[in-house]
Structures are given as C-alpha cells and as structure tokens.
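S.K.: One structure follows; several queries about it will come next.
Read-outs throughout are calculated quantities, based only on the coordinates presented, and are distinct from any laboratory measurement. What you are looking at is a predicted structure, and each value in this text was computed from that prediction instead of being measured. Virtual Cβ from ideal backbone geometry, glycine too; neighbours counted across all protein chains shown.
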Amino acid sequence: MTEAVGGIHHITCIAGPPQENLDFYAGVLGLRLVKRSVNQDDPGTYHLFYADAEGRPGTDLTFFPWTQMAPGRKGVGLAVEVALAVVEGSLAFWAERLGRYGVTPGGPETRFGQKALPFSDPHGLELALVEVGDRPVAPWEEGPVPVEHQVRGLHCARLWERELAPTERLLTEVLGFRPVGRDGGWHRFGAGRAEGAGGSGDPGLSGEIVDVREVPGGRRGMWGVGSVHHIAWRVADDAHELS
C-alpha cells in the first residue's frame, strides 16, 4: 500500500444557477467564498470554492454551476450526501436558521452516536449538519453566522454501493482508511487521527470520514444538478501525490 491519504481535501458538487448557489452557501450556511475560478475542462463554467476563512484542506466544498444539466438521480455508485460539522449544541440554532430561509430540514437523527440534521440545498444536493467536538478551523469573523455556530468543515461523505467489498478495498488497501464503526447499515472508515470513541469515528479534524452503505439491487445513480461530482483526497506533498 502507498502512504495513506490524510482524508478528504475537498468535495465538488454540481449546482444550478451560480447566484442561487452563492446566496445559499455563503448567505445561509455562512461559508466563505474563498475562490472563484473556472472548470478546467469547461472554461465557460465557474468553479466556486467555499471553505473556512483560510480555505484549509478538509473545509472546502466546491461547485460547478451547470445550469443546462438535468437534475441528478440518487442511487448506487454515487456519493449521496455531504455532511458538514458543527459544534455540539448547534442544531437548534441551525434548524431555526434554515427554516427562516425556507429550508425544511428532516427530523434530527443519531448517527454513530452523534446528532445530525439532514436537509437539501436549493438544487437538491443532500446535506446534513452533524454535531462534533470543536476542531481547528479559521472562523469567518465577518460572516453572517455567529462564530460559535459556524460550520467546522467537512464531516464526511456518504456513499451508496451495490457491493461493499470493492469500495472497502479501495479505501483501506489503496487510500489507507481504517474501518472505525458500523451503524444502521452504514460502514464507517476513518483516515488520519480518526479513532471513533464509541464507534463514532469523530476525528477532531475535518474531512477524515467516509461512510458507505451497501444497497444490493439498488438503482444506479445518475450525475446531474444536485449530485456530488467528485471527492478529492488530501496528501502531504507532490511526492506523496505521485506515489
């Protein structure tokens, strides 16, 4: 096995109109727009980067606004949810804030011993806020969300697969993740410092968890607006990347 990755560097998703995307992620969720670039394969399309105030790896959620694309279809072979970390005790604040902006979250859930609030963005991307212990983050002091409730980076990506084994081999034998827990049909894999007291896999750092659910016979997912485009992995340097 090559040297293990440090976790998730960023997650890129497909959005609809860019202004609606900006209004939601910067205006409602309070993530800072740290970079506006273009898609390298499609220079006519923006690439929008949201993160903490310094754009630290593991806090980046990015988007390609492909307004001409049809809505995606949730299914196997895709990442079906992006979970964001917030500090313990923040979900009541977020439920009220989301409701104020016309977003109706699902009922609170418990995942691997942690409280979670699922909801969708305006273009159908499934998200969740998960309460974790506080972790290193550069707060956006001028942002619309009080610092104590701001998103603390990526918590995890959640994947559906027809078979667990091939994805498990990729995560453990190639990328260096470790199995750290099971809960309600979900298999959790942790990178970096992820240990998971009580099986939670909470690493104390952003972007060190991937959850996988085996859905035998599930319908194949389809890329589109509201889908995850790709997950990028965190490495130490150029030599690590080339290895």
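S.K.: Can you say whether F112 is crowded, with 19+ Cβ neighbours inside 10 Å, over 22 Å from F189 (Cβ atoms) and either under 17 Å from the mean Cα position of the chain (by Cα) or not acidic (D, E) (or both), as far as the supplied structure shows?
M.R.: No: the conditions fail for F112.
S.K.: Related question: Of the conditions (1) of a type outside the set (A, V, I, L, M); (2) at positive phi; (3) under 18 Å from the mean Cα position of the chain (by Cα), G89 clears all except one; give me its number.
M.R.: Answer for G89: the failing condition is (3).
S.K.: Taking the condition of being crowded, with 16+ Cβ neighbours inside 10 Å and among the polar types (S, T, N, Q), how many residues in segment 46-78 meet it?
M.R.: Qualifying residue count, segment 46-78: 2.
S.K.: Mind counting the residues in segment 1-29 that are more than 21 Å from F93 (Cα to Cα), small (G, A, S) and outside any strand (DSSP E or B)?
M.R.: The qualifying residues number 4.
S.K.: Find all pairs meeting these conditions: Cβ atoms under 6 angstrom apart; at least six residues apart or on different chains; first residue within segment 66-95 and of a type in the set (K, R); second residue not in a strand (DSSP E or B).
M.R.: Qualifying pairs under 6 Å: R73/G221; K74/G221.
S.K.: Additional query: Which condition breaks for G181 when tested against (1) part of a strand (DSSP E or B); (2) out of contact with any Phe, Trp or Tyr (no Cβ under 9 Å at 6 or more places or on another chain); (3) touching a residue at least 60 places away in the same chain (Cβ under 8 Å)?
M.R.: So G181 meets the others, but not (2).
S.K.: Do the conditions hold for A95, that is, is it aliphatic (A, V, I, L, M), under 18 Å from the mean Cα position of the chain (by Cα), crowded, with 16+ Cβ neighbours inside 10 Å and not in a strand (DSSP E or B)?
M.R.: no
S.K.: Pairs, please: C-beta under 8 Å, at least 6 apart or cross-chain, first residue assigned to a strand (DSSP E or B) and in segment 162-178, second surrounded by 12 or more Cβ atoms within 10 Å (Cβ to Cβ) and of a type in the set (A, V, I, L, M, F, W, C)?
M.R.: Pairs that qualify, where the first residue is assigned to a strand (DSSP E or B) and the partner is surrounded by 12 or more Cβ atoms within 10 Å (Cβ to Cβ) and of a type in the set (A, V, I, L, M, F, W, C), are R178/F189; R178/A191; R178/A194.
S.K.: While we're on this one: What number of residues in segment 56-65 are assigned to a strand (DSSP E or B) and in contact (Cβ under 8 Å) with a residue 60 or more places away in the chain?
M.R.: Number of matching residues: 3.
S.K.: Which of the numbered conditions does L33 fail, given that it passes all the others? Conditions: (1) surrounded by 17 or more Cβ atoms within 10 Å (Cβ to Cβ); (2) of a type in the set (A, V, I, L, M); (3) under 15 Å from Q150 (Cβ atoms); (4) in contact with a strand residue (DSSP E or B) (Cβ under 8 Å, 6 or more places away or on another chain).
M.R.: Only one criterion is unmet by L33, namely (1).
S.K.: Out of curiosity, is R135 buried (at least 19 other Cβ atoms within 10 Å of the Cβ), at negative phi and either touching a Lys or Arg at 6+ places or on another chain (Cβ under 6 Å) or part of a strand (DSSP E or B) (or both)?
M.R.: No.
S.K.: Going by the structure shown, is P118 farther than 19 Å from R56 by Cα, of a type outside the set (A, V, I, L, M) and in a strand (DSSP E or B)?
M.R.: yes
S.K.: Consider L117 carefully, then state whether it is within 16 Å of the chain's Cα centre (by Cα), hydrophobic (A, V, I, L, M, F, W, C), under 26 Å from K74 (Cβ atoms) and surrounded by 15 or more Cβ atoms within 10 Å (Cβ to Cβ).
M.R.: Taking the combined requirement at face value, the residue satisfies it.
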